[in-house]
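Input: a single structure, listed below in structure tokens.
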Amino acid sequence: MPQEATWRAPVAEGELDATVRVPGSKSITNRAYVLAAISRGTTLVREPLDSRDARLMLAALDRLGASCQSSPEGVRVGLLTRGDGEEVSVELGNAGTVARFVPPLATLGFRTVRFDGDPAIRRRPLAPLLRALTELGADLDGGGTGAPPFAVRGHGGLRGGAVELDSSASSQFLSALLLSGPAFDTGVTVRLVGRPPSEPHIAMTLDMLRRFGARPQRDGDEFHVPHTELSLSEYTVEPDLSSAAPFVAAALVAGGSVRIEGWPAETTQPGDWLRSLLRELGAEVTLGADGLTVTGTATVRGATLDLHEVGELTPVVAAVLCFADGPSVISGVAHLRGHETDRLAALATELSALGGDVTETEDGLRINPAPLHGGTFHTYDDHRLVMAGAVLGLRVPGVLVENPATVGKTYPGFVEDWHRLLPTAS
Ligand SMILES: O=C(O)C1=C[C@@H](OP(=O)(O)O)[C@@H](O)[C@H](O)C1
Ligand SMILES: C=C(OP(=O)(O)O)C(=O)O
């Protein structure tokens, strides 16, 4: 991982012709670890992501007594242990999946689990989940503010049952309750109030629960997961299609072809939507047994896009649209103000600082064509802003991406892989 304070994002000096293998999906890896930790026996998670967020999840499960062992085959995760009244601390970093998925698990043992992390995670939404957990019988200490630091005093299980949940600030609140639902005494029934973002991530939760042997049901806004003993001997993680976003975007922005190996034929990942997006913006897109191939001509069409379901793609998509030949509007992503940073403010500020004509709206961004120039691209400790900066640098000399190491949240080898994409780059 580069240790420099800034990284000069390389310019594409010609057409691209590259094949890339991106690391495993953060969302799938961390769900697989959680489900493995409430499954009988040991689950081997193959091809998992190894990144800051994935390590934080493993460290959290280790604190809850699950044995987590890495080997060349993958990571073996055992069942959580009940504990003996001890007090442990879980480090959240700035991982939404750890902050949302682990507190429900902490109710299952006999231990007090203290949660805290980076300053940024203290500002991210959590209150509706902590409220719902309390209603389901959890004993929380310091959760009144609805933010870390707080503690869960585990009493060896959670009653569970029916609860109303406002998951409009993050789909992860709903996923958190559903993922632990099989381990609650009476399972869990969640009635949603408000519309959650990131529907594919909810589908991913339901799909992975089923694969581990749970029987989740959905009826519109009501979700039910009965108490069930789970078990699965092994689970293979797909490549992270959101980490692939800057690479496939590169073919459109710089021209030429980029192939992503291992792109699944069927998936619940939100990144699969890139196939239709890139076509709409002007690329040729082919999905075959050898992966996804995207071919572009360096011409980008402007577009009006509702990104409510695929919010995590916004930084890279916004960077691409700065090269469009017409105006663009991104909407449906007000919840991005509660992501790693306020992504709408960060993108408007940083893209404008490089000459972009980018303004914030209530729930998105307006982007008009404007010539860009070099300068420092601040990244606010947000991995996806590093990826956005890399895309800008393909066509704009002198883009200095601040703190590139922060990309290690989901993709520690990103900078090295990006340079391999551009063998003739400066
Ligand atoms: O469940 C998940 O793995 C995720 C859900 C989404 O969160 P939000 O619904 O909070 O946007 C997404 O943005 C995040 O990167 C990962
Ligand atoms: C929102 C994101 O992450 P997190 O899992 O921390 O919510 C993201 O990766 O874009």
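Values computed for the structure shown
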{"item": "Residues located in the range 170-225, provided they are away from ligand 2 (no atom under 16 Å from the Cβ) and small (Gly, Ala, Ser)", "result": "SER180, GLY181, ALA183, GLY187, GLY194, ALA203, GLY213, ALA214, GLY220"}
{"item": "Single match in ARG46, ARG114 (criterion: farther than 26 Å from ASP272 by Cβ and either over 22 Å from the mean Cα position of the chain (by Cα) or surrounded by fewer than 18 Cβ atoms within 10 Å (Cβ to Cβ) (or both))", "result": "ARG114"}
{"item": "Filtered residues of the range 1-56 (kept if away from ligand 2 (no atom under 16 Å from the Cβ), part of a strand (DSSP E or B) and not polar (S, T, N, Q))", "result": "TRP7, ARG8, LEU16, ASP17, ALA18, VAL20, LEU44, VAL45, ARG46"}
{"item": "Residue ranges of strands (runs of 3 or more DSSP E) in the range 356-419 with at least 1 members surrounded by fewer than 18 Cβ atoms within 10 Å (Cβ to Cβ), over 25 Å from the mean Cα position of the chain (by Cα) and at pLDDT 95 or above", "result": "357-360, 365-368, 375-377"}
{"item": "Criterion (in contact with a Lys or Arg (Cβ under 8 Å, 6 or more places away or on another chain) and not hydrophobic (A, V, I, L, M, F, W, C)) met by exactly one of THR341, THR379, THR410", "result": "THR410"}
{"item": "LEU336 vs. criteria within 28 Å of ARG420 (Cα to Cα), modelled with pLDDT of 95 or more and buried (at least 16 other Cβ atoms within 10 Å of the Cβ)", "result": "no"}
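The values are calculated or read from the model by the stated rules, or taken from the named source; none is laboratory data. Model, not experiment: these values are computed from the prediction. Glycine also receives a Cβ, built like all others from the backbone with ideal geometry; neighbour counts cover every protein chain displayed.
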